[in-house]
Amino acid sequence: MANDWLQLFPEKVRSLLQTLPSPLLGMVEEIRVRESRPLEINYSGRYHFLSGDGSLTQIPEEAYKPDREDTHRLLDLISNHSLYTMEEELRKGFITIPGGHRIGLAGRTVLSGGGVEHLRDITSFNVRIARAVPGIADGVLPYLLDRGRQRIMHTLILSPPQHGKTTLLRDLARQISTGVQSKREGVRPGLKVGIVDERSEIAGSRRGIPAFDVGPRTDILDGCPKAEGMMMMIRSLSPDVLIADEIGRPEDAEAVTEALHAGISVVASAHGKEVSELARRPGLGGLLEHKMFERYVILHRSEAGLSFRILDSQKRGLLLVSAEERIGGDVHA
């Protein structure tokens, strides 16, 4: 159901959001609710405050300021009235709810043994709206195909936050799993896809059933740490392609290496602007040094929209597609 995420919000905030024009509402990527501070929305990379009459403004003093009742009610709604059951999510600082929407949280941390045990006095919420954009991978996927061997090349998608990595991964999973049978593109069999969805964002699963179309030959490990999930997939589900979002830890790199040695293609994403940045990271530097990934897809967002470059790591970073190549559709995740 379109814009069903509106039901996440307490009545006053929801009514203000519903005053936005439908096209704009359909583009909203983030809603930031901060107690006693201006209500803020982000769409297409543009940030605005939302006033008490539902109009957009750049002036903080004109904005609606959610009160304690608003934030307490929001926390109650997103936790399904059972905050105590979400202690692990609170420790991590975010909650992922059905539909793949992720809600970042801030407040007072409670420490134990030098680490964060959980959050209390939560007063800041960043609600990130997840949407599927079928066809978003149309321009990217052809460059990831090894047609001679009927396989997907090992690929790393790279960009800063909010540039569409998860949305692109979601559609790649769908297209790789579904395959193609058409006169124009010929026949490309669908492959077995395994998604390790640690934050429940790629598939947006609820009780094990994906909210998004990720393809008919796709298996999902929901809420599972990436490294452990990839090893579980390798041992028990024999995927042709493994998909994971935001790798970066040394254990993630070890699992990726194990998958590649097992003959499984890996399509993953990581935070960063350029490939050169990753070489300095303990978890990813070794993968780059040994050229484990065959393709790098670099996403870039500007006023003109989202564009991408694709590099061939096996040919000293040969540029296959320039940054002028626009990616199709609207990307919000």
- [ ] Just give me the residues in the range 116-130 being open to solvent by 40 Å² or more (accessible area, probe 1.4 Å) and closer than 30 Å to residue 296 by Cα, in sequence order.
- [x] 128
TODO: Scan 99, 113, 107, 135 and give me the residue that is open to solvent by 50 Å² or more (accessible area, probe 1.4 Å) and of a type in the set (Gly, Ala, Ser).
DONE: 113
- [ ] Can you confirm whether the range 250-269 contains a residue that is within 26 Å of residue 301 (Cβ to Cβ), out of contact with any strand residue (DSSP E or B) (no Cβ under 6 Å at 6 or more places or on another chain) and not hydrophobic (A, V, I, L, M, F, W, C)?
- [x] yes
Open item on the list: Being open to solvent by 30 Å² or more (accessible area, probe 1.4 Å) and either assigned to a loop (DSSP other than H, G, I, E, B) or at pLDDT 95 or above (or both): is that true of residue 246 here?
Closed with: yes
TODO: Would you tally the residues in the range 175-204 being in contact (Cβ under 8 Å) with a residue 40 or more places away in the chain and either farther than 19 Å from residue 157 by Cα or hydroxyl-bearing (Ser, Thr, Tyr) (or both)?
DONE: 6
Task: Subset of the range 263-273 (residues that are part of a loop (DSSP other than H, G, I, E, B) and open to solvent by 60 Å² or more (accessible area, probe 1.4 Å)) - done: 263, 273
Task: So residue 252, is it surrounded by 22 or more Cβ atoms within 10 Å (Cβ to Cβ), touching a residue at least 12 places away in the same chain (Cβ under 8 Å) and among the charged types (D, E, K, R) - done: yes
Open item on the list: For the range 274-295, which positions are over 13 Å from residue 311 (Cβ atoms), part of a loop (DSSP other than H, G, I, E, B) and open to solvent by 30 Å² or more (accessible area, probe 1.4 Å)?
Closed with: 279, 280, 281, 282, 290, 292
Task: Flag if residue 162 is open to solvent by 20 Å² or more (accessible area, probe 1.4 Å), over 20 Å from residue 242 (Cβ atoms) and out of contact with any Leu (no Cβ under 6 Å at 6 or more places or on another chain) - done: yes
- [ ] Look through 40, 62, 69, 87 and report the one residue that is modelled with pLDDT under 85, acidic (Asp, Glu) and surrounded by fewer than 19 Cβ atoms within 10 Å (Cβ to Cβ).
- [x] 87
Open item on the list: Quick check on the range 223-254: of everything there that is within 16 Å of the chain's Cα centre (by Cα) and of a type in the set (Asp, Glu), which residue is farthest from residue 152 (Cα to Cα)?
Closed with: 246
Task: Where residue 198 falls short, out of the listed (1) in contact with a strand residue (DSSP E or B) (Cβ under 8 Å, 6 or more places away or on another chain); (2) farther than 22 Å from residue 255 by Cα; (3) open to solvent by 30 Å² or more (accessible area, probe 1.4 Å) - done: (2)
Task: Enumerated strands (runs of 3 or more DSSP E) restricted to the range 159-222, each holding at least 1 residues that are over 18 Å from the mean Cα position of the chain (by Cα) - done: 180-182, 186-188
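The values are calculated or read from the model by the stated rules, or taken from the named source; none is laboratory data. Source: prediction; values computed, not measured. Neighbour counts are summed over all protein chains in view; Cβ atoms, including those assigned to glycine, are modelled from backbone coordinates with ideal geometry. Note: areas computed on protein heavy atoms with side chains; ligands, DNA, RNA excluded. Shrake-Rupley method; radii C 1.70, N 1.55, O 1.52, S 1.80 Å.
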